[in-house]
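Each remark here refers to the structure printed beneath this line.
The values are calculated or read from the model by the stated rules, or taken from the named source; none is laboratory data. In this text, all values refer to a predicted model and were calculated from it rather than measured experimentally. Backbone-built Cβ (ideal geometry, glycine too); neighbour counts: all protein chains shown.
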Amino acid sequence: NSAFKDLIKAKETEIMKRTFNSFQETNEFKVFHNALLTYLNSRERQDIKALLITKEHVKNIIPNFYPKLQSALDSDIGIQYNSLILDSNMDIVEHEMISQKSDSNEARKLYAELSKDYLVFLLLPKKVIKYFIDGDDFGDSIFFTIDDYISYDEKMPIQRINELFIEYRQNLTMRNTYCKFFISKSHLKSLRADMKDNLDEKKFIEKYKHLLQNKPEDIFREDLRLFLSGKLKANFLAKELILENFKRLDIVMLDESGNDFYLIEVKWVGTSIHGDGKKIGTSYDELDITPAAIKQSVSYINQLSAERKNIKIAYLAVFDAREDQSQRDTGFDINEDILDAKDRKFFNQFRKIDDFKVKNFHPN
């Protein structure tokens, strides 16, 4: 099981780091670390503060030091400055307002370098402590700047993706979103001339305003991917995943653990412009979705399972740009009976999202 191997590897790396940096296993370190946790649990903070202290000072820390530590951190200097150096008496011997790095990778490098001379404790929001010893970092957080932390904290876990599908549906009614899917008004005017259509210009535009760009699936897929990647706590594969049988998967996401796969297959119904831009191109309707696209999506779950990938759910997202928007959902009344026998046991992991209706309300 690759996920189990990854877990073992991560734990082995942590053990090796702890063995090499044995100072964190000392009683003095643990007492000081626990004191910082006690302090964080008694306060509500939204900033990131770096506390620096040498190993020698931790070894020689004064007895019953917590009240002095609390007093130092609650002082004006302790509150107003984001970088503090403490001594064994829990006095602030130096303080700085270090400019926040623009990204967590740069911040990590800075703290790792500082930790060659000091123990570096980062006090983070949500009562989290990240610490650096001799260039190595320990703890749960992967963020070292407040902007990165806030950006990530505002995102939803992938288990709430259905809420984002609802939000995205609203997003599709916005002109700056839907206009990118359809050919422009100027293109419609030139198409009228190319088709030698007798309708007057205004009526022609009204009749054909639902015409999609050529190869609209690519545009739909990237728009949905961009929307979700900005709102989900998930890792998105940069491009389509290619299975061993060379089938391409549209949107592939890994949850926060990096072990569980989620898949979104993207299809569309409606009519697109031809590649040459001078005539009507391809049309798809409900029969192209049920059963073909549904069978295809479920077969991908089977294939991923065969490749030892832990697929949780596969979604089918259909963008409905049909001229008649009152038609029923393209996945109406589906069930496992439409599947090949070998795929039916995977039907419980398949979800057909209600069609994403896209309408060109006001052609650009």
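A compact table of results
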| read-out | value |
| --- | --- |
| Selection count where residues are of a type in the set (A, V, I, L, M), farther than 30 Å from R160 by Cα and without any contact (Cβ under 8 Å) to a residue 60 or more places away in the chain, scope segment 172-231 | 2 |
| Subset of segment 151-177 that is within 16 Å of S229 (Cβ to Cβ), among the hydroxyl-bearing types (S, T, Y) and modelled with pLDDT of 90 or more - its residue that is surrounded by the fewest Cβ atoms within 10 Å (Cβ to Cβ) | T177 |
| Set I205, I161, I183: member being of a type in the set (V, I, T) and over 17 Å from K279 (Cα atoms) | I161 |
| Hits in segment 329-353 (condition: of a type in the set (S, T, N, Q) and part of a loop (DSSP other than H, G, I, E, B)) | T330, N335 |
| Any hit, segment 232-240, residues being farther than 17 Å from L304 by Cβ, in the same structural domain as C179 (by TED's automatic domain parsing) and either in contact with a His (Cβ under 8 Å, 6 or more places away or on another chain) or at pLDDT 90 or above (or both) | yes |
| Lone unmet requirement of (1) of a type outside the set (V, I, T); (2) within 19 Å of N171 (Cα to Cα); (3) in contact with a His (Cβ under 8 Å, 6 or more places away or on another chain) for E323 | (2) |
